[in-house]
Number of protein chains: 2
Amino acid sequence: MNHSDPHKLIDERREEIFADYAELLRIPSISALSAHDADTQRAARFVSEMLRHQGLEHIEVIQTDGAPLVYADWMRAPGKPILLIYAHYDVQPIDPAREWTTPPFEPTVQGDVVYGRGVTDDKNNLTGTIHAVGALLAARGTLPLNIRFLLEGEEESGGEAIEHFVRTQPERIASDIVMVADGGMYPNQPTLCYGCRGILYTEIVVQGPQRDLHSGGFGGVAPNPIFALAEILTQLKDSQGHILIPGLYALMSPISVSERALWQTIDRDFDSEYRAQIGTEVLTGETEYGVIERNWARPTLEVHGIIGGFQDEGSKTVIPASARAKVSLRLVPGQTPENVLPLLRARVAAVTPAGIKATVEPIHGGLPFYTDVTSPAFTTTMAALSEEFGKPAWAVRSGGSIPISAIFQEMLGADVFCIGFGQSSDGAHSPNEHTSVSMFHRGVHALARVIDALGAMPAV
Amino acid sequence: MNHSDPHKLIDERREEIFADYAELLRIPSISALSAHDADTQRAARFVSEMLRHQGLEHIEVIQTDGAPLVYADWMRAPGKPILLIYAHYDVQPIDPAREWTTPPFEPTVQGDVVYGRGVTDDKNNLTGTIHAVGALLAARGTLPLNIRFLLEGEEESGGEAIEHFVRTQPERIASDIVMVADGGMYPNQPTLCYGCRGILYTEIVVQGPQRDLHSGGFGGVAPNPIFALAEILTQLKDSQGHILIPGLYALMSPISVSERALWQTIDRDFDSEYRAQIGTEVLTGETEYGVIERNWARPTLEVHGIIGGFQDEGSKTVIPASARAKVSLRLVPGQTPENVLPLLRARVAAVTPAGIKATVEPIHGGLPFYTDVTSPAFTTTMAALSEEFGKPAWAVRSGGSIPISAIFQEMLGADVFCIGFGQSSDGAHSPNEHTSVSMFHRGVHALARVIDALGAMPAV
């Protein structure tokens with residue numbers, strides 16, 4: 001082995017690393033659409049080959065009822081902590097497809113920007129962690145601590161398979177520290193996440209007439225399920241962003257004074273930044289709370305999709321039989337899908353207009369997670385990140401949901417943190433998802449540095 | 001010519017008449033979908049051939065910017081009135097397609113019922129009027145009055161071509177009486193319609209963020225256009241059916257005492273009938289008015305379709321950039337699309353939440369129409385209908401819209417009435433549209449009898 005500096009090796013391998021990333025991006029591993037099941041299988045096989053190439057051992061593609069899990073490890077550092085690395089190889093659907101200006105599954109580089117579905121969520125972090133470990137191993141022939149990889153392919157559609165695996169076989173992934181390589185960072189600002197919101201994702205289905213009706217013959221007498229759905233939605237959240245579900249806020253754990261102090265160190269004008277990203281003059285939500293608190297530490301309710309009746313070109317004078325909406329709640333510590341679903345159902349039942357039947361069907365759920373920001377693993381990682389970037393990292397929560405973080409915390413008793421090198425302006429989940437090529441590369445350096453630093457900690 | 005009794009001839013031609021009806025039903029002449037433009041052309045040619053076969057003259061397929069008009073006449077009764085017969089050969093879209101239990105464009109007879117798109121709206125009345133005239137001509141070699149046919153192929157999608165034709169070339173269809181062979185009757189109850197509601201059909205488009213956003217990153221701060229649309233819809237009509245558009249009700253012409261008296265002669269429990277047809281325990285709308293008045297003589301506002309965000313299988317955690325709904329108002333005498341559109345736009349503007357842009361785009365409109373129920377043509381037709389069915393016909397308004405009726409009335413100065421032999425339980429505009437085969441046949445008899453009776457009136 002000629003190299004002893006893993007960072008020099010990472011630079012030399014720049015094109016090879018990007019080629020693996022690009023090949024993974026070409027696989028349309030959309031977990032929410034069953035038509036892409038063969039693609040998630042293909043992505044899992046490709047990821048397992050990448051792990052093998054980078055020197056990981058005990059590689060296994062674990063078939064499940066959904067998309068497969070991919071496991072690998074390197075356990076040759078006795079007495080050293082075990083670091084579990086998590087990432088996901090699946091991606092969001094591409095709709096609205098017509099808004100993409102490049103092919104979503106052909107990564108397209110323009111200057112320092114690469115476009116494509118999954119470039120920032122989460123194929124960058126998945127590829128980056130594997131290559132960071134691979135470069136450390138290739139440079140030194142060893143690692144400073146034990147490493148396990150557990151990668152999934154259903155993060156964007158519920159993550160049932162990994163939850164089942166972690167809940168039923170936690171001994172197979174016993175670990176001291178969990179690095180969830182998902183989520184991202186603020187633009188050019190190293191960021192480490194110690195908490196995520198949970199989620200309860202549901203579909204509300206509203207039934208009115210027994211069949212579609214002619215609005216001439218029945219307008220003015222027949223209940224219209226689209227109106228009913230509109231009424232229900234406006235009774236779930238008011239125009240000031242207050243969720244109108246009785247009992248919901250009472251479940252929240254209080255926010256500590258020390259955490260609020262930590263928020264003060266973050267030097268960023270979130271308000272104008274959100275406005276610019278959203279392209280709006282005003283922000284919505286509970287104005288009595290700052291935007292950080294609204295997005296990180298308050299529950300929110302959103303409607304993601306609505307459909308009912310006639311949508312084609314032209315006109316059809318119908319009163320439809322049914323309408324439906326996809327509605328989710330983001331949950332904060334103290335709230336769980338299990339304790340919130342009955343409250344949502346009770347509220348929908350209470351506000352459903354006469355003549356209408358409404359049901360609330362859960363589609364998926366995830367617990368919120370929250371890690372102590374004074375733990376050694378967390379502070380060590382913060383220091384390594386700060387060193388790589390030459391400026392203090394920020395400790396943040398995420399408004400998004402990484403349900404598996406909470407399950408790792410519950411089942412392994414490990415310190416869990418989330419790290420990622422996609423930037424908040426990358427348009428995750430949107431058409432024209434993109435990220436910085438140089439930040440992707442820098443992420444590999446940062447991850448190698450974090451692993452080195454965690455290996456230098458005393459054994460737990 | 002062997003026959004002198006047109007009614008005997010109609011019975012002898014029963015299969016031939018049904019074959020023409022069935023062949024027209026097999027043409028998917030959906031005017032709202034441009035993919036079916038060739039089919040509307042084909043339907044127009046087929047209808048013109050039917051007119052030729054039945055002895056009509058001066059047959060013309062008139063090309064327009066949309067679907068063609070079909071004209072024909074028989075003007076060999078000098079000194080007699082001119083009767084203009086209108087019907088339409090186009091049909092509604094078939095969605096939701098999966099709910100059809102027979103192929104929508106293959107007429108399927110089960111017992112006395114025929115299923116298919118257009119069987120009751122309006123290919124039954126179109127075929128029936130042509131064959132009623134054909135049988136009279138074939139039986140007697142002459143007609144008791146002058147007849148013009150003007151048939152259109154855009155009734156279900158705005159009817160712009162016929163409106164343009166009637167407004168610009170009214171002299172080509174100068175007439176004394178107009179029979180709009182559209183709409184229907186109560187089950188087994190002869191019915192003649194002297195008024196229809198108008199319509200203003202619009203699309204409300206709501207724009208929020210400049211692009212689709214991740215609900216984790218932006219939930220709680222970004223305006224959600226689906227919520228905004230739900231809020232707007234609930235601010236257009238309250239849950240008691242009152243339309244919340246300032247100025248709308250003030251435009252209404254008063255309803256006469258004599259018309260209200262006429263309503264009293266209609267012996268029918270509309271309330272429970274509507275409930276049964278809708279399949280609901282309760283009716284909606286302004287309970288301070290009876291169901292006849294709500295459906296015939298009050299403006300109503302309905303939403304026909306709504307779409308926004310993610311609708312596929314599974315879940316996507318997106319805050320969409322936009323959402324839209326198709327919304328119409330049914331209009332009563334005094335209200336026009338032109339005087340109502342600005343009121344609707346002002347209301348939408350007034351209730352649009354901050355951070356959201358909303359536009360109201362008109363898709364089509366039609367005036368209401370109202371004819372004097374004491375006119376000779378109307379009372380003569382009522383008497384002929386009563387004779388055919390052996391019971392008194394009812395004079396009714398329709399809650400639906402036949403905008404061309406109002407234009408005929410305005411441009412020709414004629415007495416206009418609507419007649420049709422589809423029954424109100426036939427499911428017009430819905431999946432599994434159906435009608436009675438024997439009532440279709442009886443309609444041909446009734447139409448021949450009405451034409452005979454109108455021919456016996458003194459010249460106008």
Give the lysines reachable from B:Lys80 as a straight Cα distance under 21 Å; neighbours fewer than 8 places away on the same chain don't count.
none
Inter-copy separations for A:Pro246, label at 7 Å along Cα-Cβ, nm, ascending
3.5
What ranking of A:Asp11, B:Asp267 emerges when the number of other C-beta atoms within 10 Å of each C-beta is taken as an exposure proxy, fewest first?
B:Asp267, A:Asp11
Footprinting proxy, B:Glu286, A:Glu288: sorted fewest to most Cβ within 10 Å, the residues are A:Glu288, B:Glu286
Mind jotting down the three principal axis lengths of the range B:277-372 based on Cα atoms? Whole angstrom, largest first.
56, 36, 23
Taking 8 Å as the Cα distance limit and 6 or more residues as the minimum spacing, I'd like the relative contact order of the range A:280-395 as a percentage.
18
With contacts defined as alpha carbon pairs under 8 Å and 6 or more residues apart, what's the relative contact order of the range B:1-124 in percent?
25
Evaluate E = 1/(1 + (r/R0)^6) for A:Tyr186 and A:Glu288, where r is the Cβ-Cβ distance and R0 equals 35 Å; express this FRET efficiency to the nearest 0.05.
0.90
Put the label 7 Å from Cα along Cα→Cβ for B:Lys8; what are its distances to the other copies, in nanometres, shortest first?
11.4
Listing A:Tyr86, B:Tyr289 from the residue with the fewest other Cβ atoms within 10 Å to the one with the most, what is the order?
B:Tyr289, A:Tyr86
What Kirkwood radius, in Å to one decimal, follows from the Cα pairs of the range B:152-209?
15.2
Need one number: nm distance between label points at B:Met75 and B:Glu57, each 7 Å from Cα along Cα→Cβ, rounded to one decimal.
0.9
For A:271-281, mean number of other protein chain Cβ atoms within 10 Å:
5
Rotationally averaged projected area of the range A:138-285 (alpha carbon convex hull; nm²)
17.5
Based on the alpha-carbon gyration tensor of the range A:202-309, what equivalent-ellipsoid semi-axes (square roots of 5 times the eigenvalues) come out, in whole Å, largest first?
39, 17, 10
For the range B:329-391 and the range B:398-424, compute the distance between their C-alpha centroids and round to whole Å.
12
Average beta-carbon neighbours from other chains, 10 Å sphere, peptide B:146-159
1
For chain B, any Cys whose C-beta has no other cysteine C-beta under 4.7 angstrom counts as unpaired, and these are B:Cys196
Cα convex hull of the range B:98-143: how many Å³ per residue?
83
Applied in sequence order to the range B:306-321, the curve 6.51 cos²θ - 1.76 cosθ + 1.60 (Karplus, θ = phi - 60°) yields integer Hz couplings, x standing for Gly and Pro, of 9, 7, x, x, 9, 10, 6, 3, x, 9, 9, 8, 10, 9, x, 6
Report the Stokes-Einstein translational diffusion coefficient (µm² s⁻¹, integer) for the protein assembly as shown, Rh taken as the Kirkwood radius over Cα pairs, at 25 °C with viscosity 0.890 mPa s.
79
So how far, in whole Å, is the C-alpha centre of the range A:429-451 from the one of the range B:217-244?
39
Cα axis of helix A:337-351 to longest principal axis of chain A: angle in degrees, 0 to 90, nearest 10?
20
What full-extension length gain, to one decimal in nm, is calculated for A:Glu160 and A:Glu16 as 0.36 nm per residue of separation minus the Cα-Cα distance?
48.5 nm
With the 8 Å Cα cutoff and a minimum separation of six or more residues, the range A:233-318 has a relative contact order in percent of 31
Can you list the HN-Hα couplings for the range A:438-443, worked out from phi with the Karplus curve (6.51, -1.76, 1.60; θ = phi - 60°), rounded to whole Hz and with x for Gly and Pro?
5, 6, 4, 5, 4, x
Enumerate the aspartates and glutamates that B:Lys357 could reach by cross-link, defined here as Cα to Cα under 19 Å, with residues fewer than 8 away along the same chain left out.
A:Asp238, A:Glu281, A:Glu302, B:Glu203, B:Asp212, B:Glu231
In deg cm²/dmol, rounded to 500, what helix-only [θ] at 222 nm does chain A give when every DSSP H run of at least 4 residues adds -39500 (n - 2.57) and the total is split over its residues?
-10500 deg cm²/dmol
Place the peptides A:272-279, A:394-401 in order of packing, highest mean first, counting for every residue the other Cβ atoms within 10 Å and averaging per peptide.
A:394-401, A:272-279
Could you go through the range A:200-206 in sequence order and give the Karplus-derived ³J(HN,Hα) for each residue, using 6.51 cos²θ - 1.76 cosθ + 1.60 with θ = phi - 60°, rounded to whole Hz, and x for Gly and Pro?
10, 10, 10, 10, 9, 10, 10
Distances in nm, one decimal, shortest first, from B:Ala97 to the same residue in every other copy, taking the label point 7 angstrom along Cα→Cβ.
1.6
Report, in whole Å, the centroid distance computed from the Cα atoms of the range A:126-172 and the range B:251-265.
77
Within 10 Å of each Cβ in peptide A:197-210, how many partner chain Cβ atoms are there on average? Round it to a whole number, please.
2
For chains A and B related by rotation, which residue of A has the Cβ nearest the axis, and what is the rounded distance in Å?
A:Ala230, 2
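All of the numbers you see were taken from the coordinates with simple rules; none came from a lab. If you're wondering where the values come from, they're calculated on a predicted model, not measured in any experiment. Neighbour counts are summed over all protein chains in view; Cβ atoms, including those assigned to glycine, are modelled from backbone coordinates with ideal geometry.
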